[in-house]
Amino acid sequence: MAAASDFRALQRQNSRRTLALVAVFITLFTALGFGLDFAFGLIGYQDGQFVGLPLITPIAFVASAVQSVVSYYRGSSIVLFSMGARPLYPIKPEEEMCRNVIREMAIAARLPEPKAYVMPESGPNAFATGRDPAHAAICVTSGMLERMDREQLQGVIGHEMAHIRDYDIRLMTMIAVLVGGIALLSDLTMRSARAGAFRGNGGGGRSGRSGKSSAGAGVIMLLVLILAVLAPVFAQLLAMAVSRQREYMADAASVEFTRNPSGLIRALETIADARDPVDRATRGTAHLFIVNPLNPLRDDNESALNNLLSTHPPLGRRVARLRAMLGQGGAAG
């Protein structure tokens, strides 16, 4: 079982990574704003120096700072709204059971009871979101409520409770919101390039140094375009790298809370057998879910390339680790 010092270390690590994420996001956003200033001719490059008055750059800096604050305080609401989630009212037996399980797992994890939500999706899946244990929510799909028994739900909710305890939810929720902002600004930069906005930004060149100015401007244009292409890719890779190892840790914590690996094993096998994607999930939010919501079996490929590009570790490997806790060998069948 994880010691108290272990998860407190994880909480501190997640806090540091959240600050680093915000710093990287603001830097990328501001750099893309600078690129748009250059594209629209608000600034140029002449005689080895920048000329003109940037307008979009400071706006991008302020917008990125505001978006970071919004993602911190309202990120969970944005994610839940984008998923079409509604508060889980215990009007059906399976919903009442889910509320009871959430309450039980909160007690086991020694955390405040998170808010409960359900999203109308046939694919069985779940995720947690929020900024800290006092402002957390767990969302399950209607397909999960229909297909899973109490023991399986305990395994899944225990997993999500671990993400709440370790403050994974804050980092992963902010990534979901901020990645979208980077993608939008990168797309605007690329559209500007395709529309020809990057032509003729050497600053004029009234002297014999105009050739150097044009060459310098060309280099800047190329760097801006490379940044516009790579920024959303980098942000997506960040989301994937952050989430993979945390899934193993949350699986282990679920067993700590439930004292029963078989519940989570059967839950993961049920999700794999269902093979139903979650239609409202996107590439920017896939890392939030307990299993890849876009293609549950995609992450079952253990190749190095697939592991680099996947949001979750292979399902077979996760099940095998859980079976080892039961003294069983081999992956799930």
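What to note about this one:
- Restricting the stretch 269-291 to residues that are buried (at least 24 other Cβ atoms within 10 Å of the Cβ) and in a helix (DSSP H, G or I), the residue that is farthest from the chain's Cα centre (by Cα): ILE271
- Residue list for the stretch 1-18, filter: modelled with pLDDT under 70, small (Gly, Ala, Ser) and surrounded by 13 or more Cβ atoms within 10 Å (Cβ to Cβ): ALA2
- Flag for MET105 being assigned by TED's automatic domain parsing to the domain that holds PHE289, in contact with a Gly (Cβ under 8 Å, 6 or more places away or on another chain) and within 13 Å of LEU153 (Cβ to Cβ): yes
- Flag for LEU111 being among the aliphatic types (A, V, I, L, M), more than 18 Å from LEU288 (Cα to Cα) and buried (at least 21 other Cβ atoms within 10 Å of the Cβ): no
- Leading residue by the ranking (farthest from LEU268 (Cα to Cα)) among those in the stretch 121-170 that are of a type outside the set (Ser, Thr, Tyr), outside any helix (DSSP H, G or I) and over 21 Å from the mean Cα position of the chain (by Cα): ASP149
The values are calculated or read from the model by the stated rules, or taken from the named source; none is laboratory data. Everything quoted here is computed from the prediction, not taken from an experiment. Please note: Cβ atoms are built from the backbone with ideal geometry, for glycine as well, and neighbour counts cover all protein chains shown.
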